[in-house]
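The values are calculated or read from the model by the stated rules, or taken from the named source; none is laboratory data. Because the structure is predicted, anything quoted here is derived from the model rather than measured. Cβ atoms come from the backbone with ideal geometry, glycine included; neighbour counts cover every protein chain shown. Note: areas computed on protein heavy atoms with side chains; ligands, DNA, RNA excluded. Shrake-Rupley method; radii C 1.70, N 1.55, O 1.52, S 1.80 Å.
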Amino acid sequence: MSQNTPTSMARMAELARTLGFRVLDLGSNETDTRFADAERPSAGGARRIVDGGPPVAIFSAPKGVDAIAVVADPASQSEDLVTRGLLALEEASRDLAQLINVDNDLDDFARELSISYETMAAIFDLGNGLGTFVDAASFIPRCVDRARAMLGFRTARLRLDAPLDRFGLSRPLSPGGLIGEDVDADERTRLDRAIDERSNEFNRQVWHNPDGDPKRDIAAMPIELRDERIGWIAMTGFDPAESHTGDGITSLETKVIGYLAHVVASSLQVAQLNAEKDRSFLGVLRALTASLDAKDPYTLGHSERVSLLAGKLAVAHGLDPSEIRRVRLAGSLHDIGKIGVPDRVLLKPSRLDDEEFTLIKHHPAIGERILAPIPELTDVLPAVRHHHERWDGAGYPDKIDGERIPLSARLLAVADTFDAMSSNRSYRSARTREEVLSEIERVAGSQLDPTLANLFLTLDLSDFDRMHAAHLAASETHHRPAA
């Protein structure tokens, strides 16, 4: 109801009293019993009652239940004055109803204008963000949550039916698939059931709750990519009082949700293209490092295992997904500089002398130079260059110490050290797991970052063991002499 409705009825009552009529509020407990049950006119209308008593007219408020009864006083009003007064009141009622409708239309227009402005601002922000976002799993939920709050919904369901790895996602788009205020797992079940049972009716956009509670109505739109339906956005918990019509979810809300579905689809398409590009690009680089590892049966799979271990340590250290990805990539590429080291040094079946070790110490800087021209690898260069620095400053190539060593390089140093001691070398056998972990603990604070070294001791290494066993078997098969 418009905020002006009570004022309109007060004006009608004041005018009626000025014309000599007695006014009764039909919403009051003190209403004259003769009129309490009288049939009321439709909203904004008037109705006369002729029952042998004094003339009476009932006026209803526009868009509301408020009503007043106007009773003539035969002692002070002639029949002619009563007739003219009631005609004047009916005319005034129509004028007030029209004014209130105009006022309501202005309220509706102002709200639509406000939402349109907010929508345009959101679209502008989303459009800007779409070209610069790094992690779709963070970007997309922020978009959905902003739209949810702007439209006045309590809960949004962001559901992706396609495999996560198709879009290079390392985690779901939102925890539990729900976004909003006071989210409830039961809501997810209800929304999913509605989607599954009525997915072919998605063009209806709004599904009304059977029990009649408009706050449990659902507005849902499909997420479609190249004519393939890959998921849904569904929202519920809309307060009808927030609607510009007062009747619940309207086309205004569904249009915004529809646009949001397009934004999400576009974001996922960008993520998919990036993932495909990364897979192709990394495939070439990993093939290069794998060929380097394969030169020596004792180092086969080393880069892959360091990537695994460094990624696990990065997760345990609480890094975000983009940083973890960067660390894993650096692990895959950390020894690529050994391409510039002579094979007589790389493949020497005994310990290196000082001159040969000096040549080996060049490989981090060589690796940096090899990768530097590739813009996508700028973020991994510090790890590649500094993965042989030591916490105490006695490492190479720059002899930096402590936290001056990039975090990614310190993570690689722990993983690299562990794998080197866990693997056979031409000049020594692999150490036992107990010996390796004991050595990691011993060099914490001298060779390795003490915090990361101690954290590494808590990791589950079962997946490393499986990978190492597979690499060992492949190495033995590949290098077994012909019969």
query = Looking at the stretch 63-78, which of the residues that are assigned to a strand (DSSP E or B) and either closer than 13 Å to residue 19 by Cα or of a type in the set (Lys, Arg) (or both) is modelled with the lowest pLDDT?
reply = 70
key: Count of residues meeting criterion [part of a helix (DSSP H, G or I) and either under 20 Å from residue 364 (Cβ atoms) or open to solvent by 40 Å² or more (accessible area, probe 1.4 Å) (or both)] in the stretch 400-438   = 23
request  = Could you give me the residue pairs with C-beta distances under 6 Å whose first residue belongs to the stretch 134-160 and is within 11 Å of residue 180 (Cβ to Cβ) and without any contact (Cβ under 8 Å) to a residue 40 or more places away in the chain, whose second residue is of a type in the set (Val, Ile, Thr) and open to solvent by less than 20 Å² (accessible area, probe 1.4 Å) wherever it lies, and which are 6+ apart or on separate chains?
outcome  = 141/179; 145/179
message = I need the full set of residues from the stretch 368-397 which are open to solvent by 30 Å² or more (accessible area, probe 1.4 Å) and within 31 Å of the chain's Cα centre (by Cα), in order please.
response = 374, 375, 376, 378, 379, 382
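Inspect all residues belonging to the stretch 459-473 and state whether any of them is assigned to a loop (DSSP other than H, G, I, E, B), among the aliphatic types (A, V, I, L, M) and within 34 Å of the chain's Cα centre (by Cα).
Applying the first criterion (assigned to a loop (DSSP other than H, G, I, E, B)) to the stretch 459-473 yields 459-461.
Among the residues that remain, those that are also among the aliphatic types (A, V, I, L, M) are: 459, 461.
Narrowing further to those that are within 34 Å of the chain's Cα centre (by Cα): 459, 461.
Taking every residue of the stretch 459-473 in turn, at least one turns out to be assigned to a loop (DSSP other than H, G, I, E, B), among the aliphatic types (A, V, I, L, M) and within 34 Å of the chain's Cα centre (by Cα).
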note = When residue 325 is run through (1) open to solvent by 50 Å² or more (accessible area, probe 1.4 Å); (2) assigned to a helix (DSSP H, G or I); (3) free of Cβ contacts under 8 Å to residues at least 60 places away in the same chain, the failure sits at (3)
key: Residues within the stretch 148-172 that are open to solvent by less than 10 Å² (accessible area, probe 1.4 Å) and either in a helix (DSSP H, G or I) or at pLDDT below 80 (or both), tallied   = 2
